[in-house]
2 protein chains.
Amino acid sequence: MGRRSDHSRAELEELILAAGHTLLAETGYAGFSAREVAKRVGYSVGTLYNVFESHDDLMLAINTRTFVEWAAWISARLERAGEDRIAVLVDSYFDFATANRNLWMAIYDHRLPEGAAFPDRYAQDRRTLTLIVEQEIARVLPPERAHEAGPLTRSLLATVHGHCVFALNGTFALLEERHPRDAALARVREALAAA
Amino acid sequence: MGRRSDHSRAELEELILAAGHTLLAETGYAGFSAREVAKRVGYSVGTLYNVFESHDDLMLAINTRTFVEWAAWISARLERAGEDRIAVLVDSYFDFATANRNLWMAIYDHRLPEGAAFPDRYAQDRRTLTLIVEQEIARVLPPERAHEAGPLTRSLLATVHGHCVFALNGTFALLEERHPRDAALARVREALAAA
DNA sequence: AACAGAAATTGAGCGCTGTTCAATTAAAAA
DNA sequence: TTTTTAATTGAACAGCGCTCAATTTCTGTT
């Protein structure tokens with residue numbers, strides 16, 4: 001068949017992305033399949049592969065979307081935050097991951113083949129989220145240490161991330177840890193106090 | 001065919017495990033396949049599935065082995081450690097993960113189906129590694145805080161883990177972080193200093 | 001030595017996956 | 001109306017996890 005007037009190329013891309021996002025949220029990375037996405041939007045596999053280069057390409061696009069939503073989620077929380085913005089940061093990080101388990105884990109489950117670089121769009125959106133955090137870190141840092149904001153942000157992101165993964169992947173359950181959030185926040189507080 | 005005198009059941013299990021471990025180290029979790037393991041040990045798929053219940057079962061067995069090796073690696077380093085045992089802990093954690101990239105990542109890439117619990121053997125070996133760390137944490141903790149060693153150990157493990165994943169999965173590369181180890185150790189030091 | 005029973009091994013077959021591409025069909029241009 | 005262009009298709013391929021009737025080999029008994 002030729003062009004179907006009901007969907008432009010951009011609309012079709014958006015349609016696939018939305019369906020993929022939904023499917024990923026439902027099934028998780030392991031259960032995700034391009035074929036099922038195609039079925040859900042009512043197009044054939046072939047068409048999907050005309051719009052997205054590969055499974056990796058589609059996954060990357062979906063994860064980018066998740067990243068944008070995550071950043072928006074945290075930003076929204078920060079807007080209506082009181083004094084303790086750092087606590088809001090840690091809390092909203094955890095909340096998003098918990099409320100969007102499969103989507104959040106898929107960001108890290110999906111791995112590009114050896115040596116392949118992240119596409120620009122994806123890299124950009126990841127740095128955006130980092131920048132939001134960096135602003136807040138810089139705010140509570142003494143002025144003479146402002147230059148450390150970058151490295152410290154990355155390290156604190158890793159710290160909170162570690163607690164969050166262990167909370168969601170069963171590691172903490174295995175070790176009978178029951179307060180991952182509190183622990184993460186405590187570590188962040190100590191690091192900031194030390195600076 | 002019947003029993004092949006060249007391998008007992010236990011030997012066969014060991015053979016498959018070793019081959020699986022090697023394959024996993026070579027290809028990583030995504031490229032791993034039970035079929036390929038079977039081919040490498042010179043048995044059919046069917047035989048492999050008589051020895052191991054499922055793909056998950058085999059993965060779990062391989063990951064358990066990795067965990068044991070990891071614990072041994074860290075223990076060995078601790079034995080010939082000087083004053084600063086905490087630095088050795090963080091360093092050997094990173095070293096093992098770096099030297100055994102695919103094996104280490106597979107521990108976290110593999111996820112059991114919804115609600116399935118870890119088998120005892122696996123849980124045990126994971127707790128063993130935690131205990132090694134907990135001993136060292138307890139050693140540097142003031143006596144009156146000894147009871148915090150458990151939660152603190154889990155939190156510090158999460159902290160180092162977070163830095164380690166970000167170093168290996170490309171996140172830190174994306175954010176241009178170049179000293180993940182140092183950052184991890186710094187966070188651990190701050191947390192211990194605060195206690 | 002011949003047979004019977006038990007145990008181990010097999011691999012074709014099922015339904016799934018990502019991916020390709022010649023063939024088809026619908027829309028746009030002439 | 002005819003031609004050209006572009007979108008869409010789905011069978012085909014190689015691979016996956018997994019199953020199980022059929023086969024083969026080893027063991028124990030007569």
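Of all residues in the range B:88-99, those that are assigned by TED's automatic domain parsing to the domain that holds B:Arg181 have Cβ atoms under 7 Å from Cβ atoms of residues that are outside any helix (DSSP H, G or I), 6 or more apart or on another chain, in B:Val88/B:Ala81. Only residues that are crowded, with 17+ Cβ neighbours inside 10 Å and within 16 Å of DNA strand D (Cβ to nearest atom) were counted across the range A:48-65, and they come to 4. For the range A:171-195, a residue qualifies if it is more than 26 Å from B:Leu112 (Cα to Cα) and not in a helix (DSSP H, G or I), and exactly one does: A:Ala195. Considering each residue of the range A:3-23 in turn, none proves to be over 27 Å from A:Leu168 (Cβ atoms), free of Cβ contacts under 8 Å to residues at least 24 places away in the same chain and assigned by TED's automatic domain parsing to the domain that holds A:Arg181. Restricted to helices (runs of 4 or more DSSP H) entirely inside the range B:1-104, those with at least 2 residues that are over 29 Å from B:Cys164 (Cβ atoms) are B:9-31, B:34-41, B:45-51.
Among the residues of the range B:31-47, just one is loosely packed, with under 14 Cβ neighbours inside 10 Å and more than 9 Å from DNA strand D (Cβ to nearest atom), namely B:Gly42.
Criterion first (more than 10 Å from DNA strand C (Cβ to nearest atom), of a type in the set (Phe, Trp, Tyr) and not assigned by TED's automatic domain parsing to the domain that holds A:His163) does A:Tyr108 satisfy it? Taking the combined requirement at face value, the residue does not satisfy it.
The single condition among (1) hydroxyl-bearing (Ser, Thr, Tyr); (2) closer than 30 Å to B:Leu141 by Cβ; (3) within 16 Å of DNA strand C (Cβ to nearest atom) that B:Ser44 does not satisfy is (2).
Of the numbered criteria (1) at pLDDT 95 or above; (2) within 11 Å of chain B (Cβ to nearest Cβ), the one A:Ala149 fails is (2).
The values are calculated or read from the model by the stated rules, or taken from the named source; none is laboratory data. This structure is a prediction, so every number in the text was calculated from the model and none was measured. As a convention, Cβ positions derive from the backbone with ideal geometry for all residues, glycine included, and neighbour counts pool all protein chains shown.
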